[in-house]
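Written out below as C-alpha cells is the structure these notes cover.
Here, each number is a calculation from the coordinates, and none is a lab measurement. Because the structure is a prediction, the values reported are computed rather than measured. Please note: Cβ atoms are built from the backbone with ideal geometry, for glycine as well, and neighbour counts cover all protein chains shown.
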C-alpha cells in the first residue's frame with residue numbers, strides 16, 4: 001500500500017534525506033516513508049524528527065522499490081509527502 005500511495009501523490013513528494021529533513025523543519029510534510037534497507041545512521045535523523053514533530057512515519061522494505069514508486073531509476077532512502 002505504501003508504494004502505491006507514493007505513486008499516487010508523485011506531484012507532492014520530496015525525495016532524499018537532506019531534502020526531507022529541510023522540508024520537515026519548514027512544516028511542509030504530512031507523512032514520511034523510510035526504506036528499511038537504507039543506512040540507519042541517515043534515516044534515524046528523519047525518524048527521530050518525524051516523532052518529535054508528530055509526523056506519521058511509515059517503513060517500506062526496499063530503497064529500490066521506493067525509488068521506482070517515485071519514478072526515479074535509483075533507490076530512495078526516504079520520501080516525504082507535502083501537505
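A compact table of results
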quantity	calculated
The chain: antiparallel DSSP beta bridges as a percent of all, rounded to 5	65 percent
Ratio Rg/Rh, restricted to the stretch 2-82 and using Cα atoms, in which Rh is the Kirkwood radius	0.92
Inter-probe distance in nm under a simple model that places probes 7 Å from Cα toward Cβ, at residue 39 and residue 61	2.5 nm
